[in-house]
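A short worksheet on the structure shown next.
Just so it is clear, none of the values below were taken in a lab; they were calculated from the coordinates. Worth saying up front: this structure is predicted, and the values here are computed from it rather than measured. For neighbour counting, all protein chains shown are included, and Cβ atoms are generated from backbone atoms with ideal geometry for every residue, glycine included.
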Amino acid sequence: MNLRFCHSRFLCGISLALVFLGANAQSMKISLSGAQEVPPVTTNASGSGTITVAPDGSVSGSVTTSGVEATMAHIHEAAPGQQNGPVIIGLTKTADNVWSTPAGAKLTETQMQSLKNGSLYVNVHSATNKSGEIRAQLKP
């Protein structure tokens with residue numbers, strides 16, 4: 001962006017900020033399965049989605065499930081292979097089989113470090129598998 005041709009420094013500043021934020025946001029495609037749960041769950045359920053984390057920790061995205069009557073979904077903190085860690089962000093059911101991050105969802109600095117270390121995951125719970133039926137680690 002050439003600032004000499006920008007008519008408003010304010011608008012140019014906002015445009016540059018958006019370019020830098022977009023360039024640094026981590027967008028992670030995920031594929032949820034029962035095999036990734038701890039312990040593994042035998043299920044035909046699956047899920048897929050995208051979770052995006054901005055440099056300031058703001059989180060956006062959604063997960064779409066198939067083959068499961070989900071009761072809730074969350075982003076948790078735990079390393080791969082570890083049993084359920086604490087809930088970081090509760091996802092909201094926004095349509096049939098769709099779970100989305102709520103407006104204003106944000107990770108702390110400590111949680112951002114857990115993300116960098118591969119220690120955050122998404123899982124979807126059901127009445128049959130209350131601790132989680134399908135799971136996927138977030139991998140930046």
Distance between segment 102-140 and segment 31-89 - C-alpha centres, whole angstrom: 5
Segment 83-122 shape via C-alpha gyration tensor axes, a/c threshold 1.5: prolate
Alpha-carbon Rg/Rh ratio, for segment 26-137, with Rh computed the Kirkwood way: 0.93
Segment 46-51 - phi-based ³J(HN,Hα) in whole Hz, Karplus 6.51/-1.76/1.60, Gly and Pro as x: 8, x, 8, x, 9, 10
Charge tally in the Cβ shell below 12 Å around GLN82, where Lys, Arg are +1 and Asp, Glu are -1, GLN82 excluded: -1
